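Written below as structure tokens is the structure these notes are about.
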Ligand code: DSN
């Protein structure tokens, strides 16, 4: 019997149910993944007992000699993995990392040029509902209506017209490679700073299956979750000249004490992300995503921008007469988890949407290969096509359970079982 079930059976029962849910469903929400057991161990460690405001060698609390060693390892590993001058590994999340950059180099009401959330950007890039949309003057670029790829000419025209202090690239629902060099050129033309939020693609970047933003950006922010498949938290990479400003912007600027068990798990995350097994898995993520996109496209679904270069795709459900919310709910009935998502130029409300976002990272961690993705694509299509046939849905749910049983979580981790 676990300690949790003895001390708090109510919470333990819910945790058991969540474990069963994770085990028996196919997780295809693009931002999710399954961390290696060692990350669970690190995040559940005694470091949660410690305060350590400040940075290695310069703390506001005593007793930090070992904590300093752990944070220094995380910093050095992040720098080495991504080839950066400086790393701050304390942001509690991706949003906190972005706030840290804004705090470091912007004043309230300064102009940020960033990707529209409705075209694949992120809330913390200035969406109205976010604090970032309230404190800064936000100008958005989007994708081209025909190619559905970032319209770099529009980015340039907006930059010339609005003279932003900061240009932001990256997002949470953009399936194509981003031309960081072009962004840098535009930023230089208008004297803007350039930040890339690589949270979704950080694992692909670490594995070199997506171009790195580090040589081009002044600041690169990220989470250590998603494709990087590690600790729950964020980090910032930056050029040497911004190191002090960034550190001050995180502590004391926007955060108090770091969550040290997560800082330790970040150190482990960066170590694992430098291995060949990790790189092979990331290449498989990209292959799995494109195989699924082709499978769905062959069944009459429209893949936004015609395909994917990374771990995710946006599927336009309209050619099959469906909405995003219908697709999300129907797929959940057979145990395939995706999220409804606005597609570029969507006329449906955000609560309905015309599309879904599908990611291949978590199922790849689980050990699914390209052939499995064809199978998953056909299960999806069958469910969506016959959504009112309860008996069919039940048999598809069983098929999904069988796939999950063949790839159990935390027993078999595909190639490189322990990491
Ligand atoms: N924006 C959330 C997502 O991509 O699902 C997480 O940052």
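I'm told residue 4 meets every condition in (1) more than 16 Å from the ligand (Cβ to nearest atom); (2) in a loop (DSSP other than H, G, I, E, B) except one. Can you identify the failing condition by its number? For residue 4, the exception is condition (2). Taken over region 193-212, the criterion of being away from the ligand (no atom under 12 Å from the Cβ), in contact (Cβ under 8 Å) with a residue 40 or more places away in the chain, within 20 Å of residue 158 (Cβ to Cβ) and buried (at least 22 other Cβ atoms within 10 Å of the Cβ) is satisfied by 195 alone. When you scan region 306-319, do you find a residue that is in contact (Cβ under 8 Å) with a residue 24 or more places away in the chain, surrounded by fewer than 19 Cβ atoms within 10 Å (Cβ to Cβ), outside any loop (DSSP other than H, G, I, E, B) and over 22 Å from the mean Cα position of the chain (by Cα), even just one? Yes, region 306-319 contains a residue that is in contact (Cβ under 8 Å) with a residue 24 or more places away in the chain, surrounded by fewer than 19 Cβ atoms within 10 Å (Cβ to Cβ), outside any loop (DSSP other than H, G, I, E, B) and over 22 Å from the mean Cα position of the chain (by Cα).
Condition check ((1) more than 21 Å from residue 305 (Cβ to Cβ); (2) within 16 Å of the ligand (Cβ to nearest atom); (3) modelled with pLDDT under 95) across all residues:
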{"position": "170", "(1), (2), (3)": "no, yes, no"}
{"position": "180", "(1), (2), (3)": "no, no, no"}
{"position": "185", "(1), (2), (3)": "yes, no, no"}
{"position": "190", "(1), (2), (3)": "yes, no, no"}
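For the residues 100, 161, the requirement of being assigned to a helix (DSSP H, G or I), buried (at least 21 other Cβ atoms within 10 Å of the Cβ) and at pLDDT 95 or above singles out 100.
Checked against (1) free of Cβ contacts under 8 Å to residues at least 40 places away in the same chain; (2) within 16 Å of the ligand (Cβ to nearest atom), residue 100 passes all but condition (1).
In region 108-158, how many are in a helix (DSSP H, G or I), away from the ligand (no atom under 16 Å from the Cβ) and under 19 Å from residue 345 (Cβ atoms)?
Total satisfying the criteria: 6.
All conditions in (1) out of contact with any strand residue (DSSP E or B) (no Cβ under 8 Å at 6 or more places or on another chain); (2) buried (at least 18 other Cβ atoms within 10 Å of the Cβ); (3) over 17 Å from residue 315 (Cα atoms) hold for residue 116, with the sole exception of (1). Across region 36-95, the qualifying residues are those that are in a helix (DSSP H, G or I) and within 16 Å of the ligand (Cβ to nearest atom), and the one among them that is surrounded by the most Cβ atoms within 10 Å (Cβ to Cβ) is 94.
In this structure, does residue 408 turn out to be away from the ligand (no atom under 16 Å from the Cβ) and not in a helix (DSSP H, G or I)? So residue 408 passes the test.
Note on region 213-243: residues that are in a helix (DSSP H, G or I) and touching a helix residue (DSSP H, G or I) at 6+ places or on another chain (Cβ under 9 Å) total 4. For region 339-350, the criterion of being surrounded by fewer than 18 Cβ atoms within 10 Å (Cβ to Cβ), under 18 Å from residue 388 (Cβ atoms) and away from the ligand (no atom under 16 Å from the Cβ) is met by none of the residues. Here residue 381 meets each of (1) within 16 Å of the ligand (Cβ to nearest atom); (2) surrounded by fewer than 20 Cβ atoms within 10 Å (Cβ to Cβ); (3) not in a loop (DSSP other than H, G, I, E, B) with one exception, condition (1). Go through (1) surrounded by fewer than 19 Cβ atoms within 10 Å (Cβ to Cβ); (2) farther than 28 Å from residue 367 by Cα one by one and return the number of the condition residue 13 breaks. That leaves (2) as the condition not met. Contact map, region 120-137: residues that are closer than 16 Å to residue 171 by Cα paired with residues that are assigned to a helix (DSSP H, G or I) and near the ligand (Cβ under 10 Å from one of its atoms), Cβ distance under 6 Å, separation 6+ or inter-chain. Pairs shown: 124/95; 127/117; 130/123; 130/124; 132/124. Just to be sure, is residue 327 surrounded by fewer than 21 Cβ atoms within 10 Å (Cβ to Cβ) and either at pLDDT below 95 or in contact with a helix residue (DSSP H, G or I) (Cβ under 9 Å, 6 or more places away or on another chain) (or both)? So residue 327 does not fit the description; no.
Do we have residue 219 as within 19 Å of residue 106 (Cα to Cα), touching a residue at least 60 places away in the same chain (Cβ under 8 Å) and within 16 Å of the ligand (Cβ to nearest atom) here? Taking the combined requirement at face value, the residue does not satisfy it.
The values are calculated or read from the model by the stated rules, or taken from the named source; none is laboratory data. Computed from a predicted structure; not experimentally measured. Please note: Cβ atoms are built from the backbone with ideal geometry, for glycine as well, and neighbour counts cover all protein chains shown.
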